[in-house]
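Just so you know, all these numbers are worked out from the coordinates, no wet-lab data involved. All figures in this text were calculated on a predicted structure; none of them were measured in a lab. Every residue, glycine among them, receives a Cβ derived from its backbone with ideal geometry; neighbour counts consider all protein chains shown.
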Amino acid sequence: MVNTWGLFEDHHGRTLTAQILGSADGAQADVRQLVAKLGDSGDGRAQVLLLAMALGTLESRTPKDAWRAPSDASAAYLRFLSACGYPLGPVEQIITGEADSETVYADSVPTEPDQPDVHG
């Protein structure tokens with residue numbers, strides 16, 4: 001049997017989930033307690049908790065240098081966020097294939113003002 005909690009607990013998934021759910025102190029969310037508080041009419045909130053767990057896990061498993069070798073999972077995650085209205089940054093656009101690293105680099109390097117021709 002696969003330990004699905006391991007996916008959630010690896011790479012600080014619990015901490016990121018707590019942040020997604022608005023934890024003021026960034027404390028790790030105890031999902032079992034959150035679910036226990038739902039009551040009989042908590043289906044909508046349960047879906048929000050599950051989505052927060054999935055997003056926290058995906059975010060925590062996306063390395064800082066994901067743009068160097070984008071994975072299908074990272075790209076799909078970022079496309080989902082974009083479809084929900086999150087504006088992707090230039091590096092995130094590299095991961096989704098909307099931009100290439102050379103262009104993003106060229107656009108991020110400040111250009112120097114025109115230098116006068118000293119050779120006359």
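For W67, the amide hydrogen comes within under 5 Å of no other amide hydrogen, counting only partners 5 or more places away or on other chains and with H modelled in the peptide plane.
Model label points for L38 and T15, set 7 angstrom from Cα along the Cα-to-Cβ axis, are 2.7 nm apart.
A quarter of the convex hull surface defined by the alpha-carbon atoms of segment 63-111 gives 3.6 nm² as the mean projection. The distance between label points at R68 and L88 comes to 2.1 nm (points 7 Å beyond Cα on the Cα→Cβ vector).
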